[in-house]
Amino acid sequence: MKKMFLVAISLAIACVSGVASADDWSTIRFGVDPTSPPFESKTPSGTLVGFDIDLGTEICTRLHAKCVWVENEFDGLIPALAARKFDAILSSMSMTEKRRQQIDFSSRLYKTPNRLVVRKGSGLEPTPTSLKGKKIGVQQGSIQETYAKKYWEPAGAIVVSYQIQDQVYADLISGRLDGVFQDAVTTEYGLLKTQNGKNFEFSGGDIYSSNGAGIGLRKSDADLENKINKAIEGMLADGTYSRLAKKYFEFDPYGS
């Protein structure tokens, strides 16, 4: 009986140890909201495409891991990461101090500006005075939402938050919004370069509100963070990053 008890204890310890070291990262599940071309979007057939998708695939290749993409609305990505629905967030997520209180980030993937988009001839500028009383659309949970609510809303701008990026554009086109405040590259590809964007334009200059975007990770997964950082470093060093970027951009998105 005593021997059986010791065996049971040994098995229990082994199981606990197994849980603690179970993350061998042979499979990496990336959480993504595929509504922000050219970083992440879906083809009509449902295939995920974009710069982030290419970067994630290359990272998995270098880590000899299988890539799995888990779709999730942007504002729920961090809670879903905490709930272990996936292992990392790869979805154009800017590395802000507020987010760093909840999660860790990889080294930077890219740094792109934010810009206001308005109807041509409106005369609106990205200033508190100009936007007083105007409805400005942002994506819920984004750094653009944080910026607009901090700098424009107190002066009278009406900041309207949306869970779905495409709905922001739809309401701008229909006239329910006076402007949208988004990542400049995403807006250029998702709206201005499309037929629906012919009546709209950027207003004002670039606005930076973070030091760029990275891969979000649980604070407990330092081993995965180290592996991903080494993969990113290798991609930058051997020219792979530049090769992938040239598929989507006419400039270096890594930033200074």
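The values are calculated or read from the model by the stated rules, or taken from the named source; none is laboratory data. Just so you know, these numbers come straight off a predicted model, no measurement behind them. Glycine also receives a Cβ, built like all others from the backbone with ideal geometry; neighbour counts cover every protein chain displayed.
Would you tally the residues in region 36-55 being in contact with a helix residue (DSSP H, G or I) (Cβ under 6 Å, 6 or more places away or on another chain) and among the aromatic types (Phe, Trp, Tyr)? Lay out the reasoning, then the answer.
Pass one, region 36-55, residues in contact with a helix residue (DSSP H, G or I) (Cβ under 6 Å, 6 or more places away or on another chain): 36-40, 54.
Checking which are among the aromatic types (Phe, Trp, Tyr) leaves us with 39.
The total comes to 1.
Scanning region 116-136 for residues that are exposed (fewer than 12 other Cβ atoms within 10 Å of the Cβ) and in contact (Cβ under 8 Å) with a residue 60 or more places away in the chain yields a single hit, Lys120. Residues in region 62-93 that are within 18 Å of Ser107 (Cα to Cα) and β-branched (Val, Ile, Thr): Ile78, Ile89.
Would you kindly identify the helices (runs of 4 or more DSSP H) lying entirely within region 32-132 that contain at least 2 residues that are hydroxyl-bearing (Ser, Thr, Tyr)?
Numbers: elements: 51-62, 77-82, 97-100.
Counting at least 2 such residues, we get 51-62.
Looking at Val168, is it buried (at least 21 other Cβ atoms within 10 Å of the Cβ) and at pLDDT 95 or above? Judged against the criteria, Val168 is a match.
Restricting the first member to region 144-158 and to residues that are among the polar types (S, T, N, Q), and the second to residues that are assigned to a helix (DSSP H, G or I), the beta-carbon pairs closer than 9 Å and six or more apart or on different chains are Thr146/Lys98. Of all residues in region 133-162, those being outside any loop (DSSP other than H, G, I, E, B) and either among the small types (Gly, Ala, Ser) or farther than 27 Å from Met93 by Cβ (or both) number 4.
If the condition is being among the polar types (S, T, N, Q) and part of a loop (DSSP other than H, G, I, E, B), then region 163-183 contributes only Gln163.
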